[in-house]
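Just below is one structure, and these are the notes that go with it.
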Amino acid sequence: MTRDPKCRHLRLEGLADLRSELKRIEQADQEGRLETTGQWTAGQILAHLAAWIEYGYEGYPMRKPSLLLRWFLRWKLPSYLQHGMAAGVRIPGVPGGTYGIDRMEVSKAAERLHRAIGRLEAKEPCPHDSPAFGPMSFDDRVRLNLRHAELHLGFLRY
(Lines give C-alpha, C1' and ligand atoms only; values in the text may rest on other atoms or scores of the structure.)
Protein backbone atom coordinates (compact mmCIF):
# COMPACT_ATOMS: atom_id res chain seq x y z
CA MET A 1 0.00 0.00 0.00
CA THR A 2 1.39 3.41 -0.94
CA ARG A 3 1.21 6.07 1.71
CA ASP A 4 0.71 9.76 1.11
CA PRO A 5 4.10 11.42 1.72
CA LYS A 6 2.36 14.15 3.77
CA CYS A 7 1.20 11.55 6.30
CA ARG A 8 2.99 10.30 9.36
CA HIS A 9 3.34 6.55 9.48
CA LEU A 10 1.78 5.18 12.67
CA ARG A 11 1.50 1.67 14.03
CA LEU A 12 -0.84 1.29 16.98
CA GLU A 13 -0.39 -2.09 18.65
CA GLY A 14 -3.26 -1.70 21.06
CA LEU A 15 -5.83 0.63 22.56
CA ALA A 16 -3.24 1.96 25.03
CA ASP A 17 -1.17 3.15 22.06
CA LEU A 18 -4.26 4.87 20.65
CA ARG A 19 -4.92 6.59 23.99
CA SER A 20 -1.28 7.74 24.18
CA GLU A 21 -1.42 9.14 20.65
CA LEU A 22 -4.68 10.91 21.46
CA LYS A 23 -3.13 12.49 24.57
CA ARG A 24 -0.18 13.76 22.48
CA ILE A 25 -2.63 15.26 19.99
CA GLU A 26 -4.61 16.94 22.78
CA GLN A 27 -1.41 18.37 24.28
CA ALA A 28 -0.25 19.67 20.90
CA ASP A 29 -3.65 21.30 20.34
CA GLN A 30 -3.53 23.00 23.76
CA GLU A 31 -0.03 24.29 22.97
CA GLY A 32 -1.01 25.48 19.49
CA ARG A 33 1.35 23.03 17.74
CA LEU A 34 -1.23 20.74 16.09
CA GLU A 35 -1.33 20.83 12.28
CA THR A 36 -3.36 18.91 9.72
CA THR A 37 -2.05 17.83 6.33
CA GLY A 38 -5.34 16.62 4.89
CA GLN A 39 -8.73 18.08 4.09
CA TRP A 40 -10.37 17.59 7.50
CA THR A 41 -9.86 19.52 10.70
CA ALA A 42 -8.30 17.73 13.66
CA GLY A 43 -11.70 17.77 15.38
CA GLN A 44 -13.33 16.13 12.36
CA ILE A 45 -10.69 13.39 12.34
CA LEU A 46 -11.20 12.58 16.02
CA ALA A 47 -14.99 12.76 15.71
CA HIS A 48 -14.86 10.43 12.69
CA LEU A 49 -12.81 7.83 14.57
CA ALA A 50 -15.18 8.03 17.55
CA ALA A 51 -18.25 7.73 15.32
CA TRP A 52 -17.02 4.57 13.61
CA ILE A 53 -16.36 2.91 16.98
CA GLU A 54 -19.79 4.03 18.22
CA TYR A 55 -21.57 2.62 15.16
CA GLY A 56 -20.78 -0.92 16.35
CA TYR A 57 -22.72 -0.14 19.53
CA GLU A 58 -25.46 2.14 18.26
CA GLY A 59 -25.98 1.07 14.66
CA TYR A 60 -24.48 2.05 11.33
CA PRO A 61 -25.96 4.93 9.32
CA MET A 62 -25.82 3.08 6.01
CA ARG A 63 -27.22 -0.02 4.39
CA LYS A 64 -25.10 -2.99 3.43
CA PRO A 65 -23.24 -2.59 0.14
CA SER A 66 -23.87 -5.00 -2.71
CA LEU A 67 -23.15 -8.67 -2.17
CA LEU A 68 -20.20 -8.50 -4.57
CA LEU A 69 -18.66 -5.54 -2.75
CA ARG A 70 -19.21 -7.21 0.65
CA TRP A 71 -17.52 -10.36 -0.65
CA PHE A 72 -14.55 -8.29 -1.90
CA LEU A 73 -14.24 -6.34 1.36
CA ARG A 74 -14.47 -9.50 3.44
CA TRP A 75 -11.69 -10.98 1.28
CA LYS A 76 -9.58 -7.81 1.85
CA LEU A 77 -10.19 -7.70 5.61
CA PRO A 78 -7.08 -9.72 6.60
CA SER A 79 -4.92 -7.36 4.56
CA TYR A 80 -6.53 -4.30 6.15
CA LEU A 81 -6.02 -5.77 9.62
CA GLN A 82 -2.37 -6.52 8.93
CA HIS A 83 -1.23 -3.67 6.67
CA GLY A 84 -3.73 -0.87 7.16
CA MET A 85 -6.23 1.03 5.08
CA ALA A 86 -5.77 3.27 2.05
CA ALA A 87 -6.55 6.98 2.06
CA GLY A 88 -9.12 8.46 -0.28
CA VAL A 89 -11.69 5.66 -0.19
CA ARG A 90 -15.19 7.10 -0.48
CA ILE A 91 -18.59 5.57 0.20
CA PRO A 92 -20.61 6.11 -3.00
CA GLY A 93 -23.52 8.50 -2.70
CA VAL A 94 -22.54 9.82 0.73
CA PRO A 95 -21.86 13.57 0.99
CA GLY A 96 -18.20 14.01 1.88
CA GLY A 97 -17.57 10.34 1.05
CA THR A 98 -18.08 9.00 4.57
CA TYR A 99 -20.03 9.38 7.78
CA GLY A 100 -19.11 10.91 11.11
CA ILE A 101 -17.09 13.92 9.97
CA ASP A 102 -18.86 16.34 12.27
CA ARG A 103 -17.09 19.64 12.84
CA MET A 104 -16.08 19.65 16.50
CA GLU A 105 -13.52 21.36 18.67
CA VAL A 106 -10.52 19.10 19.25
CA SER A 107 -11.19 18.94 23.00
CA LYS A 108 -14.82 17.83 22.53
CA ALA A 109 -13.94 15.34 19.79
CA ALA A 110 -11.11 13.93 21.93
CA GLU A 111 -13.53 13.43 24.85
CA ARG A 112 -15.88 11.59 22.50
CA LEU A 113 -13.07 9.39 21.22
CA HIS A 114 -11.84 8.64 24.76
CA ARG A 115 -15.39 7.48 25.66
CA ALA A 116 -15.56 5.27 22.55
CA ILE A 117 -12.15 3.75 23.29
CA GLY A 118 -13.36 3.07 26.83
CA ARG A 119 -16.19 0.94 25.48
CA LEU A 120 -13.69 -1.17 23.57
CA GLU A 121 -11.37 -1.40 26.58
CA ALA A 122 -14.31 -2.59 28.69
CA LYS A 123 -14.95 -5.27 26.04
CA GLU A 124 -18.53 -4.08 25.78
CA PRO A 125 -20.21 -6.36 23.22
CA CYS A 126 -20.92 -4.67 19.89
CA PRO A 127 -24.45 -5.68 18.85
CA HIS A 128 -24.13 -4.35 15.27
CA ASP A 129 -22.08 -6.10 12.59
CA SER A 130 -20.18 -4.02 10.09
CA PRO A 131 -22.28 -3.51 6.95
CA ALA A 132 -19.10 -3.92 4.88
CA PHE A 133 -17.26 -6.72 6.71
CA GLY A 134 -20.08 -8.57 8.44
CA PRO A 135 -19.52 -10.37 11.75
CA MET A 136 -16.04 -9.98 13.22
CA SER A 137 -14.37 -11.21 16.35
CA PHE A 138 -13.93 -8.60 19.05
CA ASP A 139 -10.16 -8.64 18.51
CA ASP A 140 -10.59 -8.04 14.77
CA ARG A 141 -12.99 -5.18 15.47
CA VAL A 142 -10.38 -3.57 17.73
CA ARG A 143 -7.62 -4.12 15.15
CA LEU A 144 -9.76 -2.63 12.39
CA ASN A 145 -10.39 0.46 14.52
CA LEU A 146 -6.64 0.73 15.21
CA ARG A 147 -5.82 0.55 11.48
CA HIS A 148 -8.54 3.15 10.81
CA ALA A 149 -7.02 5.42 13.47
CA GLU A 150 -3.52 4.98 12.01
CA LEU A 151 -4.79 6.16 8.65
CA HIS A 152 -6.54 9.29 9.89
CA LEU A 153 -4.22 10.28 12.74
CA GLY A 154 -1.37 10.16 10.22
CA PHE A 155 -2.78 13.42 8.81
CA LEU A 156 -2.07 15.19 12.12
CA ARG A 157 1.36 16.60 12.95
CA TYR A 158 2.55 17.94 16.28
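The values are calculated or read from the model by the stated rules, or taken from the named source; none is laboratory data. Owing to the predicted nature of the structure, the values given are computational and were not obtained by experimental measurement. Methodologically, a virtual Cβ is constructed for each residue, glycine included, from the backbone with ideal geometry; neighbour enumeration extends over all protein chains shown.
If you scan the stretch 137-158, which residues turn out to be surrounded by fewer than 19 Cβ atoms within 10 Å (Cβ to Cβ) and in a strand (DSSP E or B)?
Matches in the stretch 137-158: 157 only.
How about the stretch 89-99: which of its residues are under 11 Å from residue 40 (Cβ atoms) and in contact (Cβ under 8 Å) with a residue 24 or more places away in the chain?
Passing the criteria: only 98.
Taking residue 74 as the residue in question, decide whether it is touching a Phe, Trp or Tyr at 6+ places or on another chain (Cβ under 7 Å), among the basic types (Lys, Arg) and within 14 Å of residue 145 (Cβ to Cβ). Even if it seems obvious, please write down each step before you answer.
Numbers: touching a Phe, Trp or Tyr at 6+ places or on another chain (Cβ under 7 Å): yes; among the basic types (Lys, Arg): yes; within 14 Å of residue 145 (Cβ to Cβ): no.
No.
Go through the stretch 42-136 and tell me which helices (runs of 4 or more DSSP H), entirely inside it, have 3 or more residues that are within 20 Å of residue 20 (Cβ to Cβ) and either of a type in the set (Lys, Arg) or modelled with pLDDT under 95 (or both). Can you show your working first?
Working: elements: 42-58, 67-83, 106-121.
Correct list: 106-121.
Just give me the residues in the stretch 20-33 being buried (at least 16 other Cβ atoms within 10 Å of the Cβ) and either more than 21 Å from residue 142 (Cβ to Cβ) or charged (D, E, K, R) (or both), in sequence order. Before you say what the answer is, go through the steps one by one.
Within the stretch 20-33, the first condition is being buried (at least 16 other Cβ atoms within 10 Å of the Cβ), and the residues that meet it are 21-22, 25-26, 28-29.
Of everything in the stretch 20-33, those that are buried (at least 16 other Cβ atoms within 10 Å of the Cβ) and either more than 21 Å from residue 142 (Cβ to Cβ) or charged (D, E, K, R) (or both) turn out to be 21, 26, 28, 29.
When you go through (1) in contact (Cβ under 8 Å) with a residue 60 or more places away in the chain; (2) surrounded by 16 or more Cβ atoms within 10 Å (Cβ to Cβ) one by one for residue 115, which number turns out not to apply?
Every listed condition holds for residue 115 apart from (2).
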